[in-house]
1. Considering each residue of the range 147-178, count those that are surrounded by 13 or more Cβ atoms within 10 Å (Cβ to Cβ) and either in contact (Cβ under 8 Å) with a residue 40 or more places away in the chain or charged (D, E, K, R) (or both), and give that number.
2. Which one is farthest from the ligand (Cβ to nearest atom), of the residues in the range 47-59 that are closer than 23 Å to residue 130 by Cα and without any contact (Cβ under 8 Å) to a residue 24 or more places away in the chain?
3. Go through the range 176-204 and count every residue that is hydroxyl-bearing (Ser, Thr, Tyr) and more than 15 Å from residue 94 (Cβ to Cβ).
4. Tell me which of these residue 139 doesn't satisfy, since it passes every other one: (1) crowded, with 16+ Cβ neighbours inside 10 Å; (2) more than 13 Å from the ligand (Cβ to nearest atom).
5. Name the helices (runs of 4 or more DSSP H) wholly within the range 171-267 that hold at least 1 residues that are within 30 Å of the chain's Cα centre (by Cα) and of a type in the set (D, E, K, R)?
6. If you scan the range 78-124, which residues turn out to be surrounded by fewer than 22 Cβ atoms within 10 Å (Cβ to Cβ), more than 9 Å from the ligand (Cβ to nearest atom) and either assigned to a helix (DSSP H, G or I) or of a type in the set (Phe, Trp, Tyr) (or both)?
7. Being within 20 Å of residue 187 (Cβ to Cβ), within 14 Å of the ligand (Cβ to nearest atom) and surrounded by fewer than 18 Cβ atoms within 10 Å (Cβ to Cβ) is true for just one of 12, 44, 62. Which residue is that?
8. So, in the range 34-77, exactly how many residues are within 21 Å of the chain's Cα centre (by Cα), in a strand (DSSP E or B) and among the hydrophobic types (A, V, I, L, M, F, W, C)?
Amino acid sequence: MSMFIDLSELSPAQKQQWLQHAIAPRPIALASTIDKEGHINLSPFSFFNLFSSNPPIVIFSPARRVRNNTLKNTLENVMEVPEVVINIVDHNMVQQTSLSSCEYPKTINEFEKAGFTIEKASLVQPPMVKESKIKLECKVIEIKSLGTEGGAGNLVICEVLRMHIDRSILNEAGNMIDQQKIHHVARLGGDWYCRIGSDNLFQVEKPNVKLGIGMDALPLSVRKSEILTGNHLGQLANVDEYPTIDPAFDNERLREIIQYYSVNPEEMDKELHHYARVLLDNGKVMEAWQVLLAGSANG
Ligand SMILES: Cc1cc2nc3c(=O)[nH]c(=O)nc-3n(C[C@H](O)[C@H](O)[C@H](O)COP(=O)(O)O)c2cc1C
């Protein structure tokens, strides 16, 4: 049973809470900016993402403070000096990053408060965070205000001019970031964060070259399965050609199921679905198809 919430009936703080718990996880930009007097500022923003690769555009959003509707130093700085370094936050930096979000006065340099090391950038004035393994030197090309009330975001639209990448997070060939080596962290609702690591990373094959046959093409008994989930059906429906029975497919467990349940086709189907589920969980899509086709053939 679901409930609904009309956002117009919530206070600004409640809106923020519901939305931040729902739209998660969000990557964290640790933004380094500078004002026209040269004061450096460093603050984290999880209203942040990549929006275009050509041109290379990232956007983050310093909101008007919910408490007193004032502007954040980062926003004032990019209005004065339209440059920023976005330092990508990984797990090694998360506590210091949180510390840097304290509302220190404008003249206080959060690099010092949070204990991060200043590293000179090459194309823009704000410095980089040495500890960050990915840094983006950016030019601010537009600032779009989304409102005048407390909590209203301000889109800081940034063009990425140069990326700095620590070699320790590259793959063996040294030509791409190894997703297992950078332990990205992301923000969720309240005080919750998550950490990316090999225990929670998985791959989903991209169906962008060939067309998947689609859920509607799956046999009804498979589509209505109480054992296979939406994820399993999605894997089966992602093949580009409807598979046919392969007479050469020889599988001991399949033979056992067919023999054991030959007098009870309904139970056989269930058992085949259970076995197909195990195969799909191990990425063996074509084997799972053979198991399910054997069911229809015997049923
Ligand atoms: C992980 C993290 C993510 C945050 N994301 C945002 C955000 O997206 N937008 C925002 O306005 N404040 C965000 N904050 C709060 C700001 O970092 C905080 O208000 C900070 O004091 C702003 O600093 P400034 O006034 O020096 O710019 C976040 C804080 C943390 C710890």
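1. 15
2. Taking the candidates together, the pick is 50.
3. Residues in the range 176-204 being hydroxyl-bearing (Ser, Thr, Tyr) and more than 15 Å from residue 94 (Cβ to Cβ): 1 in total.
4. (1)
5. Qualifying helices (runs of 4 or more DSSP H): 220-223.
6. 79, 80, 91, 92, 95, 96, 111, 112, 113
7. After ruling out the rest, the residue left standing is 12.
8. Counting residues in the range 34-77 that are within 21 Å of the chain's Cα centre (by Cα), in a strand (DSSP E or B) and among the hydrophobic types (A, V, I, L, M, F, W, C) gives 8.
Read-outs: derived from the displayed coordinates by stated rules, not from any lab. Since the model is a prediction, treat every value here as computed from it, not as a measurement. Cβ: placed from backbone, ideal geometry, glycine included. Neighbour counts: every protein chain shown.
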